[in-house]
Amino acid sequence: MRKLILQMQMSVDGFVGSDEDRRWQLWEWGDDSAWDEELKQDFNAVFTTVGTVLLSCKMVEEGYLTHWGNAAKKYPKDRFYAFAQRIVEAEKGVASDKLAASRWERTRVVSGDLAREVDALKHGEGGDIAVFGGAGFASALIAAGLVDEFQLFINPAVLGSGRRIFDKSGFARLALLGSKSYACGMVVSRYAPAQ
């Protein structure tokens with residue numbers, strides 16, 4: 001069975017989004033990245049196992065697929081953007097009860113009972129499922145017990161307030177799968193729900 005892997009950038013104090021307009025992530029959706037080469041290499045390595053990308057409707061509406069599709073075309077030989085090509089090539093699902101049909105290539109709308117739809121994806125063919133979305137989408141997946149692996153990209157920033165992803169889930173024990181710090185100040189910690 002395929003794993004559902006939730007990747008989130010997070011501040012040291014556990015926030016995934018700021019209520020204020022401030023740049024706190026080492027890398028956002030632009031060409032300007034403060035990630036070091038080892039982090040870039042490790043990030044791309046994750047995508048070699050990904051066969052499907054599950055996205056929140058909001059993230060897609062904000063231009064996620066268009067942005068990474070353009071990056072794949074703009075930097076076809078840049079090893080750092082290999083993941084962008086994987087996003088283009090992968091099957092994609094957009095979670096939405098409002099969209100009737102997808103207008104994006106290789107993308108279908110996933111609607112209805114989220115747990116049932118994710119379970120069907122997990123039992124499908126291909127590589128693991130990478131999940132990208134905002135705090136609300138991530139919280140819903142966590143609260144429903146659908147996440148098999150958390151990949152938390154801890155940025156060297158303290159926000160003090162903002163949006164969190166674990167507020168709705170209640171108590172849970174996690175098993176540490178691995179943690180690695182990088183020269184740029186990022187720490188990537190991987191967890192799975194404890195059995």
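The values are calculated or read from the model by the stated rules, or taken from the named source; none is laboratory data. Bear in mind that the values here come from a model prediction, so they are computed numbers and not experimental data. Reconstructed Cβ throughout: ideal geometry from the backbone, glycine too, with neighbour counts over all protein chains shown.
Miscellaneous remarks
- Among residues of the range 97-116 being part of a loop (DSSP other than H, G, I, E, B) and in contact with a Ser or Thr (Cβ under 7 Å, 6 or more places away or on another chain), the one that is surrounded by the most Cβ atoms within 10 Å (Cβ to Cβ) is 111.
- Taken over the range 82-96, the criterion of being small (Gly, Ala, Ser) and either part of a helix (DSSP H, G or I) or farther than 23 Å from residue 40 by Cα (or both) is satisfied by 82, 84, 93, 95, 96.
- Conditions (1) modelled with pLDDT under 85; (2) among the acidic types (Asp, Glu); (3) over 14 Å from the mean Cα position of the chain (by Cα): number failed by residue 28: (3)
- Exclusive hit being of a type in the set (Gly, Ala, Ser) and farther than 27 Å from residue 176 by Cβ, set 136, 93: 93
- Note on the range 181-195: among residues that are touching a residue at least 40 places away in the same chain (Cβ under 8 Å) and more than 12 Å from residue 12 (Cβ to Cβ), the one that is surrounded by the fewest Cβ atoms within 10 Å (Cβ to Cβ) is 183.
- Search result, residues across the range 63-81 that are exposed (fewer than 15 other Cβ atoms within 10 Å of the Cβ) and either more than 18 Å from residue 106 (Cα to Cα) or touching a residue at least 60 places away in the same chain (Cβ under 8 Å) (or both): 74, 76, 77, 78, 79
- Of all the criteria given as (1) touching a helix residue (DSSP H, G or I) at 6+ places or on another chain (Cβ under 8 Å); (2) outside any strand (DSSP E or B); (3) among the aliphatic types (A, V, I, L, M), the one not satisfied by residue 142 is (1).
- Checking 56, 33 one by one, the residue that is of a type in the set (Gly, Ala, Ser) and modelled with pLDDT under 85 is 33 and no other.
- Residue within the range 170-188 that is closer than 30 Å to residue 37 by Cα, among the polar types (S, T, N, Q) and either part of a loop (DSSP other than H, G, I, E, B) or at pLDDT 95 or above (or both) present: yes
- Residue identified as in a strand (DSSP E or B) and either modelled with pLDDT of 85 or more or over 23 Å from residue 28 (Cβ atoms) (or both) among 159, 152: 152
- Within the range 22-47, the residues that satisfy the criterion of being within 30 Å of residue 1 (Cα to Cα) and in contact (Cβ under 8 Å) with a residue 60 or more places away in the chain are 38, 39, 42, 46, 47.
- Residues of the range 17-68 that turn out to be within 17 Å of residue 129 (Cβ to Cβ), among the aliphatic types (A, V, I, L, M) and part of a helix (DSSP H, G or I), as a count: 5
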